[in-house]
Amino acid sequence: MLNIVKRARASRSTYLTVVFTAFGLNGIVGLARLLLYASLLGPAAFGMFSVSQLLVTIGAYLSTLGFIEALNRQVPVLIGERKEKRAEYLLSLGLGFSLSAAALISLFFVVTVFSMTSLQRYESIVLVGTLLISTVFFNLVCSGIRGKSLTLEAGGLTLLKTIFAAIAGILVAPVWGVTGIIIAEASALFAVSIYALRQYLPNVFPVVRLKGRYISIIGIGLPFLVGNIVLNLSQTIDSWFTQSIFDQSLYGQYAFAMIIFIAGQNFTSIIAQYVQPRVLTEFGKTKNHLAVLKYLHKVAFVVSLLFVLGWYPFHVALTYALELFYPEYLEVGQLSLYIYIGTGAMGVLGVYESYVLARQKGKMLMFFYSIILSVIFVLCWFAKSNQFELVDYAMIFCIGRITCLLTVVLINKYLASQ
C-alpha cells in the first residue's frame, strides 16, 4: 500500500485520480455489501441490521461531540506550525474522550433501546454498542490521518475496511445472521484502526483527562455537531418512524428501498468533492456571484438530466432484480419512485449548497434545515397518528428532499442579491 501511495504522489493528476477512484470503489463495495446482506438475511433480519446502522450513526455523532470536526481544523494548523507533539496530544485526547463517551452511549442503548420492536434481543443491542465503539475509533483515526494531509491513505484505509467487512459479513451471514454481520463489521473496523494507528499515528493513544482543553475543542466542533445531527435526522426521520411503527419485515423493505438513497448520497458526495473546491476557489478569486451561479446552474442541469434519463432504465432493472433475486422485497417497487425523486433532489441540492458554503452562510442553512426537520417530524407524527401506509412515509421523505432543494435555491437567490 505504501508503494502505491508513493507512486501516486509523483503526479498530482494521478494522485487525484487515485483518491477519487478509492472513494468511488468504497461506495460501490458498500452498496454491493448492503444488497448481498439484504439477499442473505431477508426483510426482517435486514430491517434489524438497518436499525443498528441508524443507532450507530447518531451514536457516533453524540460520542465525538464535534471532536472530529474540531480536530480536522486544529491538527493541520498545528502540523503546519511544526507542533506535531501538540497535534498528537489533541488526537490522543479526542480518542480517549470519544471512546469513553461511546462506551457510555452503548450502555444507554442497552437500557433504553431494548424496547424498540426492531431490536428485541439484548445480545444484539450489546453488539450494536461494540459496533459503535469500533466506528468511533475508526473515524477518529482517519481524522488524524487526514489531518496530516494523508488523504489518499485515509481513503485507502476506508476502502480496505469496507472490503474486509463485506467479505467477512457475507461469509458469516448464512450461519449467524445479523449477529455475525455486526461482529464482522466491528472486527474489520477494529483491525484496520489498530493497523492505521500503528502505521501512521504511532505516538497517539487514548488519553482521558478532565481538563478545560476538552471544552475548548468541543466549543469549536459543537456547531458542526449540531449541523450534522440536524442534517442526518432530516434525511432519516422517516426511517426512525417506520422502524417503530411497522413490523421488522415491512421496515426491512423500506430500508432496502433506501439503498437507492445511499447510492445517491455517494453520487452527491463525488459531485460535491468536484464542484465545491472549484466554486470556493473561483469565488475567492473573483467574488463574481453571477459567474459562480451560472456555473452551478449548468452542473445542476446536467445532474437533473442524468436522473431524469436514468429513471426508466433504473425502473426496468429494479423490477427485474426484485422478481429474480429479491422476491421477498416486492413492496419496494411502489416506494422506489418517491425515493428516486427525493434522491435526485438531493443530488441537485449538493450542487447548490456549494454557493452557500462559499458565502460562509452555513449557519443560515442549518437554521432552515432545522425548520424543515420540524415540519417533516410533524408530518411523520401525523402519518403515525392516522395509521398511514408505508408508501406515505416514502412520499414524506421525497417532500422533505424537494423542500430542502427549493430552500437552498431561494437562499442562493437572496445571497446573490446582497
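Relative to the present Cα-Cα distance, how much length would full extension add between residue 367 and residue 265 at 0.36 nm per residue of separation?
The span from residue 367 to residue 265 would gain 34.6 nm if fully extended.
If I take R0 = 25 Å and measure r between the Cβ atoms of residue 32 and residue 314 in this structure, what FRET efficiency does the formula 1/(1 + (r/R0)^6) give, to the nearest 0.05?
Once the sixth-power term is evaluated, E becomes 0.90.
Ranked highest first by average number of other Cβ atoms within 10 Å, how do 51-64, 240-253 line up?
51-64, 240-253
Each reported figure results from applying straightforward, stated rules to the coordinates on display, with no laboratory input. From a predicted model like this one, the values you see are computed outputs, not experimental measurements. A quick note on method: Cβ atoms are made from the backbone with ideal geometry, for glycine too, and the neighbour counts reach across all protein chains shown.
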